[in-house]
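Structure first, then comments.
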Amino acid sequence: MSRIIIVSNRLPVTAQRTNQGFVFTQSTGGLATGLASIHAMQETIWLGWPGVLTEQPDEKTAITDALLPHRMYPVFMNEEAYAQYYEGFCNSVLWPLFHYFPHPAGCNHSQWQHYQTVNERFADAVCQRLQPGDQVWIQDYQLLLLPRLLRQRFPELTIGFFLHIPFPPPDVFRALTGHRALLEGLLGADLLAFQTTEYTDNFLATVRRILKLDTEAGHVFLPSRVVDVTAIPMGIDYEKFAAYAHSPAIIDQAAQLRRQLYSAQVILSADRLDYTKGILQRLTAFDLLLTDQPSLIGTVTLVLLVSPSRAELTPYRLLKEQIDEAVDRINQLYHRPGWTPVRYRYLTVDLAQMAVLYSLADVALVTPFRDGMNLIAKEYVAARRNGTGVLILSEMAGAAHELTDALIINPYDVRGMANAMAQGLRMPLSEQQLRMSRMQQIISNHDINRWATCFNQQLQQVASQRKTVKKRSLVATGWSLARPRPVGELH
């Protein structure tokens, strides 16, 4: 039976050193959470970094042996590779630019070189595990070069790629160092999938503009192949969150937490620490809400959960300081005996603890400046057991294309956000239930299993109907997959 080889920057588990050896915990984030359920049910193996930096052979062996029964295979990095590839090119260059935040400093040559080197290392790891009939499913922006690297070694290999984050317009993308090589890397795949049609359109426009390739009806025409390009919005494990919602333990914990808050109503903001999430704007909007409607003071609490992320990078450290200061200012300004306006926690919680918060929250505030999808919005909807609750959702999140019964807002408009919070807090239960039921119907029908099935079916179709096309004239581009250019060349 053919296998699917999932390849991502991180494995769904993270290795941690202890005095007794390594222990493994579940990795956080939508990619790890979503694909873990697929990995558990299907004939897959998973390749990725195990979350620990080591060059010690005995440690590598211990981690490899521990992961083997779970069909996971580690790809190791040392400290320099991690700093240059991951902290550098991935998170200081690609991440901001793909979210429409071009980094003012750009990147240095070392970061770009390490990005290429690590992608080569992943290609080596895939080749070591590859068996006849295997298909490869590559995940996200850390591995944009990998499809082409594999295509060069195995021209007939079936390769799929899914981008979990936004894809920017051509004029933004072309600001990247190595932008041409990155596009060529992606086009090594047979199937490229994005979260929304907006990002699909951006990619096709970028290919036309930069590589001068022909595109038509979701296809990119190469000299000897056709690459299929489509949108497949990622879902969640709906049944898992629905089951959490009906768990007596979850219900009891949510009720206990509400009593501890001394608050009639609760607004939830839960996100990873990131400047793309708009966390400071949420705090400003909550401040405006209490200023405009003083009757809410003492009756509504903002539960602010921020998951630590990339704290080694300066923009993230500064953002953490700004959030701390904003929370302190609001709490000092509005505090009343027995009631604190913002209950703030800076920590990572597991899915069961998130389910408690979803069950607790009367309103969920999900307002990123830009987001590929945003699974927190979908998880909140799935976890609302009695069909009540209000989702306030940024129009810039991919989820807004599906969850149209949310209160859709502009994340830059803090006044509009404050008004949406007021509207959500006073929304009649009948309207809440109508909106929530329609959203629950949508995400239950388009869950994580359907997402994976849809992707794999399209990949199978591409593999079985692989077209042989006439070589088109690409003299103007100076590029052909049949004549690969060294991936290290900058454009």
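Both the radius of gyration and Dmax for the range 104-149 are 12.9, 45 Å, in that order, over alpha-carbon atoms. Of all DSSP-defined beta bridges confined to the range 135-219, some 10% are antiparallel rather than parallel. Put in line by how crowded their Cβ is, counting other Cβ atoms within 10 Å and starting with the fewest, VAL75, VAL23 read VAL23, VAL75.
The coefficient of translational diffusion for the range 249-307, derived via Stokes-Einstein from the alpha carbon Kirkwood radius under 20 °C and 1.002 mPa s, stands at 168 µm²/s.
Give the order of LEU183, LEU288, LEU319 when sorted by the count of other beta carbons within 10 angstrom, beginning with the fewest.
Working: LEU183 24, LEU288 17, LEU319 21.
Fewest to most other Cβ atoms nearby, the residues stand as LEU288, LEU319, LEU183.
Which of TRP339, TRP112 has the fewest other C-beta atoms within 10 Å, and how do the rest follow up to the most? Let's see the in-between values first.
Values: TRP339 15, TRP112 22.
In order of increasing Cβ crowding within 10 Å: TRP339, TRP112.
The rule of thumb for compact globular proteins, 2.2 N^0.38 Å, goes into the C-alpha radius of gyration of the range 218-278 2.06 times. Put a plus charge on the Cβ of each Lys and Arg, a minus charge on the Cβ of each Asp and Glu, and nothing anywhere else: the dipole of the chain about its Cα centre is then about 760 debye.
Can you work out D for the range 57-215 in µm² s⁻¹ from Stokes-Einstein, where Rh is the Kirkwood radius over C-alpha pairs, the temperature is 25 °C and the viscosity is 0.890 mPa s?
Details: Rh = 16.6 Å.
Rounded to a whole number, D works out at 148 µm²/s.
Taking only DSSP H segments of four or more residues, each worth -39500 (n - 2.57), what value at 222 nm results for the chain once the sum is divided by all its residues, to the nearest 500 deg cm²/dmol? Before the final figure, lay out the partial values.
Details: 17 runs with 200 residues, N = 491.
Here the helix-only value at 222 nm equals -12500 deg cm²/dmol.
For the range 238-445, the Kirkwood hydrodynamic radius comes to 17.0 Å, computed from all pairs of different C-alpha atoms. Beta bridges assigned by DSSP with both partners in the chain are antiparallel in approximately 25 percent of cases. Restricting the calculation to alpha carbons of the range 242-348 gives Rg and Dmax of 15.0, 42 angstrom.
Given (1) 31.0, 111; (2) 24.4, 78; (3) 23.2, 76, which label gives Rg and Dmax of the Cα atoms in Å as computed from the coordinates? Only one option fits the structure, namely (3). Would you mind checking LYS60/LYS240; LYS277/LYS320; LYS277/LYS378 for any pair whose Cα atoms are more than 22 angstrom apart? Pairs exceeding the cut-off: LYS60/LYS240.
A short reminder: the numbers here are calculations on the coordinates, not readings from a lab. Predicted model, so just to flag it, every value in this text is computed and none were measured. We place every Cβ from the backbone using ideal geometry, glycine too, and count neighbours over all the protein chains shown.
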